Amino acid sequence: MKVNLNVSGFDTEAFFPDKDIAKIHKPLVEKFTRLYQEQEERVVIFLCAPPGSGKSTLAAFWEYLSQQSSFIEPLQVLPFDGFHYTNEILESNTTQRNGETISLRSIKGGFETFNLTDLIRKLKQLKTQAPKWPYYDRNLHDPVDDAIQVNKNIVVVEGNWLLLDEPVWSELYKLADFTVFIDTDAEFLKDRLVNRKIRGGVSEEDALAFYENSDAINVEKVLNHSIKADLNLYMNQNGSFEIQ
């Protein structure tokens, strides 16, 4: 199926194999509806995956699928990226990596550059309130507070670090009703991430440098230091998925 989706504010044409829709995506969306019917309160789904894996597109597709049937409860995607610290904060704070003091801005996208306290507070509000959710503006390259009104009974929170096996982070899963993790080959992600930078106007040399200094570290961290999800999906290089 080819479908036009709004992903992070941009219109995107995506393709999902019919076999995957029938065996994985539609049953998952139906499962989310059953969870809501059983619990009779808002259901929180985590979709965790490394950079470049297409998790935002997948979450948007689940949202699309949920709107195609009156028997399925419509879901809403809530992006994790809105919890980035602002560039002003990142530029004025440092962290330690490999015994070296570095600016948080230089590793923007790493788990250290997100406001975990605010994330936990908002996740807790999802069960009892209709909170507003932050959004990452890719034109401003900064988060915008309270940009999204949460108004659906099922929400999919999508991001890199939702299942991170680090102190405090490793407890986040308790705030979700169901968790999904996307696994894939790191070299495949390298090609996708470098090409994405090049399409954005960055030279090949600079794109490769950014990958080695930032994306590669984050990809390895997510793939190898995340706690086990309720469901693991493996993404093949042709974009199809398998249940692990």
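The values are calculated or read from the model by the stated rules, or taken from the named source; none is laboratory data. All figures in this text were calculated on a predicted structure; none of them were measured in a lab. Ideal geometry is used to build each Cβ from the backbone, glycine not excepted, and the neighbour counts take in all protein chains shown. To get the accessible areas, we keep the full protein, side chains included, count just its heavy atoms, and leave off ligands, DNA and RNA. Shrake-Rupley method; radii C 1.70, N 1.55, O 1.52, S 1.80 Å.
Couple of notes before you dig in:
- Within the full protein context, the accessible area of Ser106 is estimated at about 70 Å² for a probe radius of 1.4 Å.
- With bins 5 Å wide beginning at 0, the percent of Cα pairs of the range 33-92 falling in each bin runs 4, 15, 19, 20, 16, 12, 7, 4, 3, 1, 0.
- Relative contact order for the range 2-243, counting Cα pairs under 8 Å that sit 6 or more residues apart, in percent: 25
- Sparse-neighbourhood loop sites, GluC sites (Glu not before Pro) in the range 26-68 - DSSP loop, at most 14 other Cβ within 10 angstrom: Glu40, Glu41
- Just checking the listed ones, Leu47, Leu78, Leu35: in the Gaussian network model of the chain with Cα springs under 10 Å, the one fluctuating most is Leu35.
- Protein heavy-atom accessible surface, 1.4 Å probe, per residue over the chain: 51 Å².
- With each label modelled as a point 7 angstrom along the Cα→C-beta vector, the Val202-Met1 pair spans 3.3 nm.
- Once backbone amide H atoms are built at 1.01 Å from N, Phe114 has Tyr85 as its partners under 5 Å, excluding neighbours fewer than 5 places away on the same chain.
- Projecting the Cα atoms of Phe114, Asn139, Val3 onto the dipole axis of the chain, where Lys and Arg carry +1 and Asp and Glu carry -1 at the beta carbon, places Val3 farthest toward the positive end.
- Magnitude of the charge dipole for the chain, about its Cα centre and with charges confined to Cβ atoms of Lys, Arg (+1) and Asp, Glu (-1), is about 540 debye.
- Reach of Lys23 by Cα under 12 Å, taken over aspartates and glutamates that are not fewer than 8 positions away in the same chain: Glu242
- Heavy-atom accessible area ranking, 1.4 Å probe, most first, across His25, His84, His141, His225: His141, His225, His84, His25
- Considering only beta bridges that DSSP places wholly inside the chain, some 50 percent are antiparallel.
- Ordering of 157-164, 51-58 by burial proxy (mean other Cβ atoms within 10 Å per residue, highest first): 157-164, 51-58
- Residue-count net charge about Gln237 - beta-carbon cut-off 10 Å; Lys, Arg +1, Asp, Glu -1: -2
- Between the beta carbons of Glu91 and Asn195, assuming R0 = 30 Å, the FRET efficiency works out to 0.60 to the nearest 0.05.
- Separation of alpha-carbon centers, the range 150-208 and the range 29-67, rounded to whole Å: 15
- Given a 1.4 Å probe and the protein chains as shown, Phe16 ends up with an accessible area of around 10 Å².
- Net charge of neighbours whose Cβ lies under 14 Å from the Cβ of Gly200, counting Lys and Arg as +1 and Asp and Glu as -1: +2
- Selection of trypsin sites (Lys or Arg not before Pro), the range 109-153, meeting DSSP coil and at most 15 other Cβ within 10 Å: Lys127, Arg138
- Distance (nanometres) between label positions extended 7 Å along Cα→Cβ at His225 and Ser103: 2.3
- Checking the cross-link pairs Lys108/Lys190; Lys19/Lys122; Lys2/Lys55; Lys26/Lys174 against a 28 Å limit on the alpha carbon distance flags Lys19/Lys122 as lying beyond it.
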